[in-house]
Amino acid sequence: MEKKVTKIGVLTSGGDSPGMNAAIRAVVRTGLYHKMEVFGIMRGYSGMIEGDIMKMESKSVANIIQRGGTILKSARSKEFYTPEGRKQAYENLTKLGINGLVIIGGDGSFRGAKIFSEEFDIPCIGLPGTIDKDIAGTDFTIGFDTAVNTAVEAIDKVRDTADAHDRLFIIEVMGRDSGFIALHSGIATGAENILVPEKKTDIEDIIKTLVEKRGRQKLVNIIVVAEGDQFGATELSKIIMERIPGQEVRICILGHIQRGGSPTCLDRLIASRMGYAAVECLIENRYNVFVGIVNNKMHYIPLDQAIKRKQKINEEWMKIVRILSS
Ligand code: F6P
């Protein structure tokens, strides 16, 4: 018979994302509702290795649902990828009697959780906390909606000045390996072109389109580039200026502002639902899964499958960009 989970540890790991606090709050309060003890682990797996773990009460998570960042702080721990690091982490958890874990983070964090759950008898539940939305098996990840809305607001502002000067702007958004912020914010702001790491960038096609648009006096152009695209904003601007003499280009790199700020209603909602579901999983012995939402229903995938698959860019959406920006 499976052991009953009575003491839960919760941590946030990898790049922070708006809504992580709402998820922590949901885990803590659902755990307490079920008479469990809940512990907050600081700085992700690093705090697990260092034993930086504190008991959480209902008031520990008061007044945080609206705050960006994470009260538990976050880190990317290299040590956790060593057997010694994981053993130390396990010993720290067992000292406190922690026998269930909720990990809020991206695919790197799930990879750590998978190995840990295979080596030790502590079940792990993963919640997708990343602005990148690159995890398969969920329609949403905690933080994506806020990040993409931040990008939209910024691009709208850039468009005002682009229009005043008839300029081409290249705007770089976050996404080292993933183009979802670029794709969604680009469509929502009427970008001419969206460049993502998942697709090869066709420079000739970009030049041809810009020249054609100049020819018919379409002078305001916005190109949204994900940071992981093969050409960044800076290189792309150089190429365009070389290839189209007289073309004025400005670049704007949005950077980490996309990671901060108060989470949107959607992010607070999904974080609350997922945090609640994570504790329910531990109660129902649904162990070592990642919790997603698909078609507005909770969706559970074994951790080992979750890390194998990446969410794919929809080809039709790329086509929409082209048609709507003509
Ligand atoms: O994983 C989220 C993310 O914001 C990526 O989009 C970005 O490339 C990366 O994190 C940046 O990481 P860091 O804050 O460590 O520079």
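The values are calculated or read from the model by the stated rules, or taken from the named source; none is laboratory data. In this text the structure is predicted, and so the values were computed from the model without any measurement. Methodologically, a virtual Cβ is constructed for each residue, glycine included, from the backbone with ideal geometry; neighbour enumeration extends over all protein chains shown. Calculation scope for accessible area: heavy atoms of the full protein, side chains included, ligands and nucleic acids excluded. Shrake-Rupley method; radii C 1.70, N 1.55, O 1.52, S 1.80 Å.
General observations
- Criterion (surrounded by fewer than 23 Cβ atoms within 10 Å (Cβ to Cβ) and among the small types (Gly, Ala, Ser)) met by exactly one of Ala62, Ala89: Ala62
- Scanning segment 91-126 for residues that are among the aromatic types (Phe, Trp, Tyr) and within 16 Å of the ligand (Cβ to nearest atom) yields one hit, Phe110.
- Identity of the residue in segment 288-297, surrounded by fewer than 16 Cβ atoms within 10 Å (Cβ to Cβ) and in a strand (DSSP E or B), that ends up nearest to the ligand (Cβ to nearest atom): Val294
- Scanning segment 4-32 for residues that are in contact with a Pro (Cβ under 9 Å, 6 or more places away or on another chain) and surrounded by fewer than 24 Cβ atoms within 10 Å (Cβ to Cβ) yields one hit, Val5.
- Asp177 vs. criteria charged (D, E, K, R), within 16 Å of the ligand (Cβ to nearest atom) and either farther than 25 Å from Val291 by Cα or not assigned by TED's automatic domain parsing to the domain that holds Asn21 (or both): yes
- Matching entry among Gly19, Gly14 (being touching a Leu at 6+ places or on another chain (Cβ under 9 Å), at positive phi and within 16 Å of the ligand (Cβ to nearest atom)): Gly19
- Figure legend. Inter-residue proximity from segment 50-62: first residues more than 14 Å from Ile8 (Cα to Cα), second residues among the hydroxyl-bearing types (Ser, Thr, Tyr) and not in a strand (DSSP E or B), beta-carbon distance below 8 Å, spacing 6+ or different chains. Indicated pairs: Asp52/Ser46.
- Residue in segment 65-78 that is open to solvent by less than 40 Å² (accessible area, probe 1.4 Å), in contact with a helix residue (DSSP H, G or I) (Cβ under 8 Å, 6 or more places away or on another chain) and part of a helix (DSSP H, G or I) present: no
- Residue match in segment 232-241 (condition: open to solvent by 10 Å² or more (accessible area, probe 1.4 Å), farther than 30 Å from Leu11 by Cβ and assigned to a loop (DSSP other than H, G, I, E, B)): yes
- Among the residues of segment 260-287, the one identified as in a loop (DSSP other than H, G, I, E, B), of a type in the set (Ser, Thr, Tyr) and within 30 Å of Phe120 (Cα to Cα) is Tyr287.
- Single residue of segment 127-174 satisfying the filter (crowded, with 18+ Cβ neighbours inside 10 Å and of a type in the set (Ser, Thr, Tyr)) that is nearest to the ligand (Cβ to nearest atom): Thr130
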